[in-house]
1. Want the number for residue 46 to residue 88: 0.36 nm per residue separation, take away the alpha-carbon distance, what's left?
2. Round to the nearest 0.05 the FRET efficiency obtained for residue 169 and residue 213 when R0 = 35 Å and r is the Cβ-Cβ distance.
3. Quickly work out the residue 25-to-residue 190 label distance, labels modelled 7 Å from Cα along the C-beta direction, and quote it in nm with one decimal.
4. Taking 0.36 nm per residue of separation and subtracting the Cα-Cα distance, what length does fully extending residue 127 through residue 77 add?
5. How far, in nm, would the chain grow between residue 151 and residue 106 when pulled straight, counting 0.36 nm per residue and subtracting the alpha carbon separation?
6. Ranking 27, 100 by Cβ neighbours within 10 Å, fewest first, what do you get?
7. Can you sort 146, 41, 132, 208 by how many other beta carbons sit within 10 Å, fewest first?
8. Where the centre of each part is set by its Cα atoms, how far does region 119-147 sit from region 77-104, in angstrom?
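Only the coordinates and a few stated rules stand behind these numbers; no lab work does. Keep in mind the model is a prediction, meaning the values are calculated, not measured. All Cβ positions, even for glycine, are placed from backbone atoms using ideal geometry, and neighbour counts span all protein chains on display.
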């Protein structure tokens, strides 16, 4: 006697796949054991790239479990490296505008070239006394090859120092970065108590390549050192957001 075993319907398989993808989607407040090497592509006409990179770094610190043997919170220094072209586009970091807990811990390096910036980044990643490293490099210089990117990834992983590399006005090229973002400015949310007051910075962040997460696009803003995911954008919503942001950009 034979028993028929019904296979799941195709729609059920698709629903299960969609559910798995949503469960594995990136979201703020999740710190994995893997030391991140991320890239943020952004325009050099504003501070969107560096702002999102710093927010990602702070969110990882806040999400990481503290050392139970530590007597005090993590007060390590952090490194910010800019090459000459990046410095010309975005300017030096404005220390009073940084989060209060990080203002006195910044080490800034103004490199004369992309080669010097990469050298400073790799040396910084070898120093375990740094909490994290942020780099800004403009364009697609020959020095920033896949081999150079691979050296940065290995140094970050080996010494446990996270790296976020901001690519200003750059085309997407080969990279060994674990997470690759495209960052654009988005209209600020209205403050709760005064709708006429300026709101906090908000980013339209597209994760177009990652090792453990499917691609996606979010509206993100920062609250008290933590990233807040306001929305997962769909295709139509992304187009509408771009149209809403055009008048504000033109006014500037």
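1. Between residue 46 and residue 88, full extension yields 14.0 nm more.
2. Details: r = 26 Å, r/R0 = 0.74.
For R0 = 35 Å, the calculated efficiency reads 0.85.
3. Reported label-point gap for residue 190 and residue 25 is 2.6 nm.
4. Working it through step by step, the gained length comes to 17.0 nm.
5. Numbers: separation 45, 0.36 × 45 = 16.20 nm, distance 2.37 nm.
Length gained between residue 151 and residue 106: 13.8 nm.
6. Final ranking by Cβ density, sparse to dense: 100, 27.
7. Numbers: 146 11, 41 21, 132 26, 208 14.
Least to most surrounded, the residues fall as 146, 208, 41, 132.
8. 15
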